[in-house]
Amino acid sequence: MRATNTGAYRMGSLLADFQPDFDFSAPLPLPVEEFEDRLRRIRRQAVEAGHDALIVHAGSVGWFHASNAYLRYICDWMREGVLIIPTDADKAMVLLSFFTQSVLLPPGGEPVLVDEIWQIGPIGREYADRPGDSVIKTAEKCAEVLASLGLAKAQIGRIGDRTSLTFWSALDELLPKSKFVADNAILDRMQKVRSLPEIEMFRAAAQLISIGTQAAYHVAKSGVTDHEILAAFTYAQMALGGETGDGYQIGINEFGTHCGKPYGHIVRPGDLINLYISNVTYRGYTAQTARMIAIGDITSHQEDVIAACTEGVKRAEKLIRPGALMRDVNNAAFEPMIERGMLSSPEARTMPYNWSPMPDGGARLIPNQYVKDIDWEAQGRKLMHVYPATHGPHNPNLGHSVGMAGGQNSFNISSHNYDRMEEGMVFVLHTQWLEPLSAGCNIGDMYVVTKDGFENLSRHTPLETHRVATEA
C-alpha cells in the first residue's frame, strides 16, 4: 500500500519546454466609466421599483472567496461586504466590510465609486477574546448609516444570497419601520447581455483556458498522474493572471468518466481524460470549456460517443446568431445522439441524465458494486459504487450563460427556453454523455453572440479529442 508519488525530480521538468501557440492578450481593468453606467442603471431600476435604497450583501465562503459576484459587479470589491446604495445620487454610497476572518487586503480590490468604507472587524470570544458577533455588528452599523441618510423608515431593496439570512434577520429587528424587499433581479437582469469591455474580460479568461489546456496536453502521457496534469493546467493559466486554481475538474479512467478531482491516478494506455474547465477567472470574469484526451487506442463505442458529442456542438454552433431560438440551438446538438439511438428526444423533461432522480421524483439508489481501480486500492481504499447511477448526458440541456465568478446562470440553453439570442450574450455549449463503466465524453466551447453571428472564444484549442500515441 502506498500513496501515489509523482517524484520530486519531475516537478517543473514536464513543462520545461512548453510554450503556447498564441500570445495572451491581457486587457486592463474595466474603466471607471463602466461602473458609473452600471450605477446609473441600478439606481434607475431601484426608482422604478419604489426603493429608497438598495443593500447588497456578499458573505465569505471557503478558500477566501466572496459568496456572490454582486459587489464586484457594482464596485469591483472582491471580498465580503455590505454596500448601501441610496437611490438619490447625491447621497453617499457606503461599504461595510472586513467582518470575516478572510485575511485579504487590497490590492486587488479598491472599490470604485464608494464614498466611505467602514471596517467592522471579526470579533467573538474565541477569535478576539471579546464579546460580540460580527454579523450583528455589521447590521447595527448598516442601520446606523441608513438612519444617518434619513432612511430609517424607508422601502429598501435587498440583494444577497443564503449567507445573508442572519444579517437580514438582524436588520429587520433593528429597523422595524422599514420595508425590505428582496430584489436580486435588478442585478441579474443587467448581466444577461454583456458590454464590449466585459467581453474583453471573457475573451481573456477563455484564452487562459486554452493556454492551460495546451499545457495539459503537453504533459499528458502514460506514467504521469492526474495531479501533474491539473498542476500543469493551473500553472499555465495562473502564471498569466488567472485568479484561482480551484474551478475545474479532471476525470481519468478507462471508461471516460468526467467531473472528478485528482486522487493519484496514473495515466495508462486506453485511458480517456476529460478536462472539464468550469471556471477560470480573469479580473472577476470567467470562462468555461471542456476537452477530451485519449491515451492510445480506445474502444469503437467510445469513439462513437465522442463523435456524437463533437458533431453535436458543431451543429448547434451553426445556429448561433441574434434572434436564434435557444431551444433550436439546444435541440440541434442532440440530433447526432438521436440518430445513433442514444436518445429518443431532446426534451429536457423526458431526457435521462446522470444525476436524475427516479421517474417519480424520488431518490435514486447509487448501484453498490465493486469497481476495479488499482491506484485507489494502492492507497488502501476501494471503489464500491458505480458513478454515475444512470446513463445519459451530464445535464438535460446543452449549456448555459457564463458570467462572473460566484454568479448564477442567468439562462440555460435548453429545450424549454424559448428566448431568443441577443448580441452580447456569453455562454458555453457542452455536449456530454456517460454510460457507467463503458463510455463517456464531455466537450464544449464558449461563445459570444455578435452582430452578425458569433465568436468562438475558446477557438485556440480544437474541439476534437487530443490524441496521445503510446508505444507499441
*Would you be able to say whether some residue in the stretch 137-156 is within 29 Å of residue 421 (Cα to Cα) and open to solvent by 10 Å² or more (accessible area, probe 1.4 Å)?*
no
Of the residues in the stretch 1-34, those that are touching a Phe, Trp or Tyr at 6+ places or on another chain (Cβ under 9 Å), in a helix (DSSP H, G or I) and modelled with pLDDT of 95 or more come to none
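From the set of residues in the stretch 325-338 that are in contact (Cβ under 8 Å) with a residue 12 or more places away in the chain and surrounded by fewer than 18 Cβ atoms within 10 Å (Cβ to Cβ), which is farthest from residue 448 (Cα to Cα)?
Here is the first cut: in the stretch 325-338, the ones in contact (Cβ under 8 Å) with a residue 12 or more places away in the chain are 325-327, 329-337.
From what's left, surrounded by fewer than 18 Cβ atoms within 10 Å (Cβ to Cβ): 325, 335.
Working: 325: 15, 335: 23 Å.
Out of the qualifying residues, it is 335.
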Residue match in the stretch 79-86 (condition: within 30 Å of the chain's Cα centre (by Cα) and in a helix (DSSP H, G or I)): no
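Among the candidates 283, 268, single out the residue that is open to solvent by 30 Å² or more (accessible area, probe 1.4 Å), over 22 Å from residue 454 (Cβ atoms) and touching a Ser or Thr at 6+ places or on another chain (Cβ under 8 Å).
Going through 283, 268 in turn, just one is open to solvent by 30 Å² or more (accessible area, probe 1.4 Å), over 22 Å from residue 454 (Cβ atoms) and touching a Ser or Thr at 6+ places or on another chain (Cβ under 8 Å): 268.
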Going through the stretch 356-376 in order, the residues found to be surrounded by 14 or more Cβ atoms within 10 Å (Cβ to Cβ) and closer than 30 Å to residue 329 by Cα are 356
Flagged in the stretch 86-120 as open to solvent by 40 Å² or more (accessible area, probe 1.4 Å) and touching a Pro at 6+ places or on another chain (Cβ under 9 Å), in numbering order, are 101, 108, 117
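So that you can scan it fast, the table gives a plain yes or no per residue for (1) buried (at least 21 other Cβ atoms within 10 Å of the Cβ); (2) out of contact with any Leu (no Cβ under 6 Å at 6 or more places or on another chain); (3) at negative phi:
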| residue | (1), (2), (3) |
| --- | --- |
| 2 | no, yes, yes |
| 14 | no, yes, yes |
| 26 | no, yes, yes |
| 49 | no, yes, yes |
| 52 | yes, no, yes |
| 84 | yes, yes, yes |
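One line per residue, one yes/no per condition, for (1) touching a strand residue (DSSP E or B) at 6+ places or on another chain (Cβ under 9 Å); (2) β-branched (Val, Ile, Thr); (3) in contact (Cβ under 8 Å) with a residue 24 or more places away in the chain:
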{"site": "393", "(1), (2), (3)": "yes, no, yes"}
{"site": "421", "(1), (2), (3)": "yes, no, yes"}
{"site": "426", "(1), (2), (3)": "yes, yes, yes"}
{"site": "438", "(1), (2), (3)": "no, no, yes"}
{"site": "445", "(1), (2), (3)": "yes, no, yes"}
{"site": "450", "(1), (2), (3)": "no, yes, yes"}
{"site": "465", "(1), (2), (3)": "yes, yes, yes"}
{"site": "470", "(1), (2), (3)": "yes, yes, yes"}
Checked the stretch 185-202 for anything in contact (Cβ under 8 Å) with a residue 40 or more places away in the chain and open to solvent by less than 50 Å² (accessible area, probe 1.4 Å); matches are 186, 187, 190, 191, 194, 195, 197, 198, 199, 201, 202
Residues of the stretch 431-447 being crowded, with 22+ Cβ neighbours inside 10 Å and among the aliphatic types (A, V, I, L, M), in sequence order, are 434, 439, 443, 446
Regarding the stretch 313-323, can at least one residue be identified that is of a type in the set (A, V, I, L, M) and open to solvent by 10 Å² or more (accessible area, probe 1.4 Å)? yes
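If you take the residues in the stretch 456-472 that are open to solvent by 40 Å² or more (accessible area, probe 1.4 Å) and farther than 16 Å from residue 211 by Cβ, which one is farthest from the chain's Cα centre (by Cα)?
At the first step, the residues of the stretch 456-472 found to be open to solvent by 40 Å² or more (accessible area, probe 1.4 Å) are 459-460, 462, 464, 466-467, 469-472.
Checking which are farther than 16 Å from residue 211 by Cβ leaves us with 464, 467, 469-472.
On the way: 464: 23, 467: 27, 469: 32, 470: 34, 471: 38, 472: 40 Å.
Looking at the filtered set, the residue picked out is 472.
Can you name the residue in the stretch 164-195 that is under 16 Å from the mean Cα position of the chain (by Cα) and assigned to a loop (DSSP other than H, G, I, E, B) and is also nearest to residue 427 (Cα to Cα) among such residues? Please lay out each step first, then the result.
To start, the set of residues in the stretch 164-195 that are under 16 Å from the mean Cα position of the chain (by Cα) comprises 188, 191-192.
Still in the running and assigned to a loop (DSSP other than H, G, I, E, B): 191-192.
On the way: 191: 12, 192: 10 Å.
Filtering the stretch 164-195 for residues that are under 16 Å from the mean Cα position of the chain (by Cα) and assigned to a loop (DSSP other than H, G, I, E, B), the one nearest to residue 427 (Cα to Cα) comes out as 192.
Confirm whether residue 239 is open to solvent by 30 Å² or more (accessible area, probe 1.4 Å) and hydrophobic (A, V, I, L, M, F, W, C).
Details: open to solvent by 30 Å² or more (accessible area, probe 1.4 Å): yes; hydrophobic (A, V, I, L, M, F, W, C): yes.
Spelling it out, residue 239 is indeed open to solvent by 30 Å² or more (accessible area, probe 1.4 Å) and hydrophobic (A, V, I, L, M, F, W, C).
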Would you be able to say whether some residue in the stretch 153-171 is without any contact (Cβ under 8 Å) to a residue 40 or more places away in the chain and among the β-branched types (Val, Ile, Thr)?
yes
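Yes or no, residue by residue, for (1) out of contact with any Phe, Trp or Tyr (no Cβ under 7 Å at 6 or more places or on another chain); (2) at pLDDT 95 or above; (3) assigned to a loop (DSSP other than H, G, I, E, B):
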site	(1), (2), (3)
197	yes, yes, no
206	yes, yes, no
209	yes, yes, no
217	yes, yes, no
242	no, yes, yes
258	no, no, yes
264	yes, no, yes
Here the residues within the stretch 448-472 that are modelled with pLDDT of 95 or more, farther than 17 Å from residue 326 by Cα and acidic (Asp, Glu) are 464
Exercise. Restricting attention to the stretch 34-45, does a residue exist that is farther than 29 Å from residue 193 by Cβ and open to solvent by less than 60 Å² (accessible area, probe 1.4 Å)?
Worked result: no
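The values are calculated or read from the model by the stated rules, or taken from the named source; none is laboratory data. Note that the structure is predicted; figures quoted are calculated from it, not measured. No Cβ is skipped: glycine too gets one built from the backbone with ideal geometry, and neighbour counts run over all protein chains shown. Heads up: the accessible areas ignore ligands, DNA and RNA and are worked out on the full protein's heavy atoms, side chains in. Shrake-Rupley method; radii C 1.70, N 1.55, O 1.52, S 1.80 Å.
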